[in-house]
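The values are calculated or read from the model by the stated rules, or taken from the named source; none is laboratory data. In this text the structure is predicted, and so the values were computed from the model without any measurement. Here the Cβ positions follow ideal geometry from the backbone for every residue, glycine too, while neighbour counts run over all protein chains shown. Remember, those area values only see protein heavy atoms, side chains included, never the ligands or the DNA or RNA. Shrake-Rupley method; radii C 1.70, N 1.55, O 1.52, S 1.80 Å.
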Amino acid sequence: MDTIVVKNLKKEYKIAQKEKGLAGAVKNLFVRKYEILRAVDDISFTIPKGEITAFIGPNGAGKSTTVKMMSGILVPTSGDILINGRNPQKDRVHVVQDLGVVFGQRTQLNWDLRLGESFEMMRHIYKIPKAMYEENLKVMDDILGIEEIINIPVRQLSLGQRMRGDLVAAMLHSPSVLFLDEPTIGLDVEGKYAIRKFIKEINRVKGTTIILTTHDLGDIEELCKRLIIINKGKIVEDGPLEELVNRIAPNRNLVVEYYDENYVEHEQAKIINVEGNIVTYQFSKKEITGAGLICDISDRAKIKDATIKEVKIDDIIRIAYRG
Amino acid sequence: MSNKSAYSFIYKMRIQKALAYRFDVFANIIFQCIAMFATAFFWKAIYSGYDSVQGAGVYDMLTYTVISAVMSILFVTTVEFKLMESVKKGTVAMDMLKPVPLFSIYFFEDLGNITSLFFINGLPILLIGSLFIGMPLPADGVSAALFFVSLLMSFFINWFFAALFSLLSFVTINMSPLIQVKKHILRLLSGSIIPVWFFPEWAQGILGALPFVYIYQLPLDLYIGRYTLQTAMPKLTIQLVWLVILSGSFYAAEKSMTKKVMVQGG
Ligand SMILES: Nc1ncnc2c1ncn2[C@@H]1O[C@H](COP(=O)(O)OP(=O)(O)O)[C@@H](O)[C@H]1O
Ligand SMILES: [Mg+2]
């Protein structure tokens, strides 16, 4: 059974149209015109147990809206969601017991308390058995080094520390499903590294099914086999990153440096640039591998150096956004 | 584990936190005492040359003043600020859907806060008032008993009113000045400083129809013995009706707000 099933999910927001100026302000008090904004427009996908999936898409694409509906805090306009076979709106009490959610921009920790006290509060609110709580805290301390910040008041934590705290808080009750909405937003290199390590470890050790939304392509390359690209409320791509890259950019460039200006041609590669003794070949990954091509060329001529230029993920994503 | 364990944790945690703000404690005692002394001097000045005004003697009014100051400690609420923060932070949808009801959490936070405030603020104020203004004793045993019954209802009326008021956070952008205005209007209209019976007839009529006098004035009147058991009963009944109305409105409004947040997004 798939852990997460989303079918024909739609969300429309009603937005009050405000008229400008003083007369408009008075008018607004009596008549309100509404505009409908379709933030999520008929999306469907399923996610098997233990998979890490990334949602990416430009700002306003509908990622957070989707995550909110899957977490049960926002009612869909139409469509179905099942998390471990249960509907998060109708059966929220059961669903949250097996679900952790982190919104990167909004902390769920209690501002007035120390980090450790905030965890204790979670323990009581989510009714987590003490042994499980302590075991989880220990496991996560090993990954994130929580012990050193446990006595700091939440309002004094740096963004990176707070994010670590939020991740721990979301996992204290051992949920089998974890939603992370922009978990690496605004973090420095060190912070991102810690969060990625946490996601990988938790997925490996506990088999947690994870969905994360991100703008950071590093997150995707390091963490996810599967990518769902959303734009304007619709899914435009869904599949493994590698597949997407190969489909959108099936060609690679090979740059060969010769000892002199005598270069060779190859039937499965097109020469697209020649600059003195440096020649750029373009080839299709479907027809020949990079290694094969280098082998063939070095059989026919003496070469000094050869590098395969990988495509930039940024470019791929940009092309994918355009649809 | 039931919700009780969460509530008792929250309660104890709040007591502990409130005790930690030592500077606030002294500043608050001093501020409250200044207000209490000013009111006491005001009554002494008014009463010079009179034994009784509106059926109350100067001693009654001094008692009224001291007990009112102590009561104001019990009526401190933070629920408005808490909800405002949650709405501002954008976590309110998550908060409202925790396994433990959000407003129950706020209630126990307030209860913990008030418990420690009572010991570190209320008792010192009572002591200072007793020493320098006059021992604030109840009129008699029955008055004292009626006072405690009424005070309990006052406490809940005050809290539910604050909770109901806090829901304005969902419709207004600038909540904090409103909270301050509410606080001062409530103290003025509830007879906490000047009992309503000193107001002109028409004002008494209006204030009597509002719930505020049932927060401060009724228990205070009972304390200084302005009612007998018989005459107190209708008043306590009206107080109970207000409690039911306010708590009922709060539950209804909270339910509809939760629904709205879940449809429109937090
Ligand atoms: N509570 C809301 N009320 C009205 N419109 C909203 C609300 N939340 C999001 N939107 C709109 O819905 C669209 C999708 O937003 P969101 O899901 O936050 O996108 P993303 O997370 O992909 O950046 C945007 O156009 C946004 O302005
Ligand atoms: Mg978002």
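Test B:Gly90 against the criterion of being touching a residue at least 60 places away in the same chain (Cβ under 8 Å) and touching a strand residue (DSSP E or B) at 6+ places or on another chain (Cβ under 7 Å), and give yes or no.
Criteria met by B:Gly90.
Right, A:Leu187: aliphatic (A, V, I, L, M), open to solvent by 10 Å² or more (accessible area, probe 1.4 Å) and closer than 27 Å to A:Asp314 by Cα or not?
Against the criterion (aliphatic (A, V, I, L, M), open to solvent by 10 Å² or more (accessible area, probe 1.4 Å) and closer than 27 Å to A:Asp314 by Cα), A:Leu187 qualifies.
Consider B:Gly191 carefully, then state whether it is at pLDDT below 95, under 18 Å from B:Gly55 (Cβ atoms) and either in contact with a strand residue (DSSP E or B) (Cβ under 8 Å, 6 or more places away or on another chain) or outside any helix (DSSP H, G or I) (or both).
yes
Since A:Thr307 meets every condition but one in (1) farther than 30 Å from A:Ile235 by Cα; (2) assigned to a loop (DSSP other than H, G, I, E, B); (3) touching a residue at least 40 places away in the same chain (Cβ under 8 Å); (4) not acidic (Asp, Glu), which condition does it not meet?
(2)
Filtering the stretch A:54-100 down to residues that are basic (Lys, Arg) and away from ligand 1 (no atom under 16 Å from the Cβ), which residue is nearest to A:Glu182 (Cα to Cα)?
Restricting to residues being basic (Lys, Arg) and away from ligand 1 (no atom under 16 Å from the Cβ), the top hit is A:Arg92.
In the stretch A:250-301, what residues are of a type in the set (Gly, Ala, Ser), part of a strand (DSSP E or B) and surrounded by fewer than 14 Cβ atoms within 10 Å (Cβ to Cβ)?
Result: A:Ser284, single match.
Can you name the condition, by its number, that B:Val100 falls short on among (1) open to solvent by less than 30 Å² (accessible area, probe 1.4 Å); (2) away from every other protein chain (no Cβ under 14 Å)?
Status for B:Val100: all satisfied but (2).
If I ask for residues that are touching a Phe, Trp or Tyr at 6+ places or on another chain (Cβ under 7 Å), within 14 Å of chain B (Cβ to nearest Cβ) and more than 9 Å from ligand 2 (Cβ to nearest atom), which ones from the stretch A:27-65 would you list?
Matches in the stretch A:27-65: A:Leu37, A:Ala39.
Residues being facing chain B (nearest Cβ under 9 Å) and open to solvent by 20 Å² or more (accessible area, probe 1.4 Å): count how many of those fall in the stretch A:111-120.
Residues flagged as facing chain B (nearest Cβ under 9 Å) and open to solvent by 20 Å² or more (accessible area, probe 1.4 Å) within the stretch A:111-120 amount to 4.
Within the stretch A:15-23, does at least one residue satisfy the condition of being open to solvent by 40 Å² or more (accessible area, probe 1.4 Å) and assigned to a strand (DSSP E or B)?
Yes, because at least one residue in the stretch A:15-23 is open to solvent by 40 Å² or more (accessible area, probe 1.4 Å) and assigned to a strand (DSSP E or B).
Condition check: loosely packed, with under 15 Cβ neighbours inside 10 Å, modelled with pLDDT under 90 and within 21 Å of the chain's Cα centre (by Cα). Does A:Gly218 satisfy that?
So A:Gly218 fits the description; yes.
Specify which of the listed residues (A:Arg86, A:Arg106) is touching a helix residue (DSSP H, G or I) at 6+ places or on another chain (Cβ under 8 Å) and within 8 Å of chain B (Cβ to nearest Cβ).
A:Arg106
Report the residue count in the stretch A:163-192 for those that are within 16 Å of ligand 1 (Cβ to nearest atom), part of a loop (DSSP other than H, G, I, E, B) and aliphatic (A, V, I, L, M).
Counting residues in the stretch A:163-192 that are within 16 Å of ligand 1 (Cβ to nearest atom), part of a loop (DSSP other than H, G, I, E, B) and aliphatic (A, V, I, L, M) gives 1.
May I ask you to verify whether A:Glu148 is more than 14 Å from chain B (Cβ to nearest Cβ), at pLDDT 95 or above and surrounded by fewer than 16 Cβ atoms within 10 Å (Cβ to Cβ)?
Answer is no for this residue.
Mind listing whichever residues of the stretch A:66-82 are touching a helix residue (DSSP H, G or I) at 6+ places or on another chain (Cβ under 6 Å) and either within 16 Å of ligand 2 (Cβ to nearest atom) or over 18 Å from B:Met262 (Cα atoms) (or both)?
A:Ile73, A:Leu74
If a residue must be assigned to a strand (DSSP E or B) and among the aliphatic types (A, V, I, L, M), how many such residues does the stretch A:232-249 contain?
2
Would you mind finding the one in B:Gly208, B:Gly225 that is away from chain A (no Cβ under 14 Å) and on the phi > 0 side of the Ramachandran plot?
Answer to the check: B:Gly225.
When the stretch A:69-83 is examined, which residues are found to be open to solvent by less than 40 Å² (accessible area, probe 1.4 Å) and either more than 7 Å from every other protein chain (Cβ to nearest Cβ) or under 19 Å from A:Lys49 (Cβ atoms) (or both)?
A:Met69, A:Met70, A:Ser71, A:Pro76, A:Gly79, A:Ile81, A:Ile83 - these are the residues of the stretch A:69-83 that are open to solvent by less than 40 Å² (accessible area, probe 1.4 Å) and either more than 7 Å from every other protein chain (Cβ to nearest Cβ) or under 19 Å from A:Lys49 (Cβ atoms) (or both).
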